[in-house]
Amino acid sequence: MNILRPIRVYFNIRPDLEEKQYIVSEITKGISFRGANLWILITAIFIASLGLNVNSTAVIIGAMLISPLMGPIIGMGLAVGIYDLDLLKRAAKNFSIATVISVLTATIYFLISPLGDAQSELLARTSPTVFDVLIAFFGGAAGIIALSTRGGKSGNVLPGVAIATALMPPLCTAGYGIASGSLRFFLGAIYLFFINTVFISLATAIGVRMMKFPAHSFLTAERAKKAKRILSVVVIATIAPAVVMTVNIIRTSIFENNVHRFVTSELSQSGTQILTSSADRQGGTLRIVAVGREISDSLQRVAEGRLASYGLSGFQLNVIQGVQSDSLLARSIQLEQHTSTQASDHQKLLELSTENSALAERLSEYGLYEEYARELRSELAVLFPSVRSLSLAPVVEVQTDTTLSSRYIAVLLGLESGKALPAPEQAKLQQWFKARVPADSLVFITKPTPEK
């Protein structure tokens, strides 16, 4: 005991606690969504939607800092912790209003926004992981400690909690799902928002009980008993599905980690780049897409024999690589499309893009322009003899002072040493390329070809 006493001094927060009734009063004030709070929430949603749309992390962080969305969530946790049924009703009502208005605001923005593509920041807000659960829980714990102690509210704890728990982006992503007609986006984002909300409130309720906040006083013992019974039912009904979801998230995270360890340990080799790995649990297939140096059949057989060591027994290994990678990927996408009408085909492609957009783009660009260059070289040698070499490559140009970027195809021409194309010849060559290469924008670069 004497050894632990000096340590407890450092961890004891009771001397820093505010007066309990004052803390309850301050948290209660923060649950209201009327007037200024409501307009601040709407503007924060617009800012967060803009940040998600242009894929700007800095803008999203700014929106989370000014959002008042934490108020009713902390209020619900406090109400559960002190057994205040009336406060829980008010907090839940304001929370529901804030949620609906946030999703409607984001939906309106994405309906009128000219930028319709789903960026990586949007995609990240549709697939909750076990880390989101832990971040929400510890964020809620930090929030109630900061609100309950002197100086906590004026420091950087609450802004940090608002950023870490990231409540705004899922709501904006849910609005994007409605605007784009994507049920996957909407359900995934609401799923993440629900998980965050429940575990922030849970951490708040636990913190309130550990700091021994006085329970709410009731007029009669019978009313107190009834209120506690209702609160218990509400808590169980809320926590139970969240726990089930969290268990599923943990299982998925463990499975994905096993797949990653298998790919890293068994299939990595010098000169080979693993673009993506995906597992079809129903079909029992682990699909690997690789470019560069081919993975030999013998290495694939050895790796497949070690699947059970990574908790992947029953799976078959399917490695997509080489020149067939593009066509094989296209076939796998076609096999997943089960609808026949044009509208349903478009919807299915939109859903698949959330999983394979980065992969499809990288694979298509990997060999597409190399094939174009090989097809054009014979004609180029006849029409423009002074051009000795040709390279085509997709290029992304980013600005250092803005979030904008531009994409174009770079045409690198190697000219015969000591020669240059006259201006009329250059114009003719550019017109010829624009007619032959299907691209919106071409940039021409010339260089002398060194003599052999």
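Just so it is clear, none of the values below were taken in a lab; they were calculated from the coordinates. Computed from a predicted structure; not experimentally measured. Every residue, glycine among them, receives a Cβ derived from its backbone with ideal geometry; neighbour counts consider all protein chains shown.
Quick notes on this one:
- Of K20/K93; K89/K225; K20/K212; K89/K212, pairs whose Cα-Cα distance is over 19 Å: K20/K93; K89/K212
- Excluding same-chain neighbours fewer than eight residues apart, the lysines reachable from K447 by a Cα-Cα span under 27 Å are K419, K428, K434.
- Separation in nanometres of the label points that stand 7 Å from Cα toward Cβ, at I236 and L404: 5.9
- Put a dot 7 Å past the Cα of V244, heading toward its Cβ, do the same for A308, and the two dots end up 3.3 nm apart.
- In terms of other Cβ atoms within 10 Å, D280, D84 run from fewest to most in the order D280, D84.
- With the cut-off at under 20 Å, measuring from each backbone N in the stretch 249-288 to a point 7 Å along the Cα-to-Cβ line of L134 picks out 249-262.
- Theoretical FRET efficiency, 1/(1+(r/R0)^6), r = Cβ-Cβ of A423 and S278, R0 45 Å, to 0.05: 0.30
- The ratio of the alpha-carbon radius of gyration of the stretch 366-448 to the globular-protein estimate 2.2 N^0.38 Å is 1.17.
- Likely footprinting exposure, T57, T272, fewest C-beta neighbours within 10 Å first: T57, T272
- Among M70, M210, M245, M76, sorting on how many other beta-carbon atoms sit within 10 Å of each Cβ, with the fewest leading, yields M210, M245, M70, M76.
- Length added when fully stretched, T446-E26, from 0.36 nm per residue minus Cα-Cα: 144.4 nm
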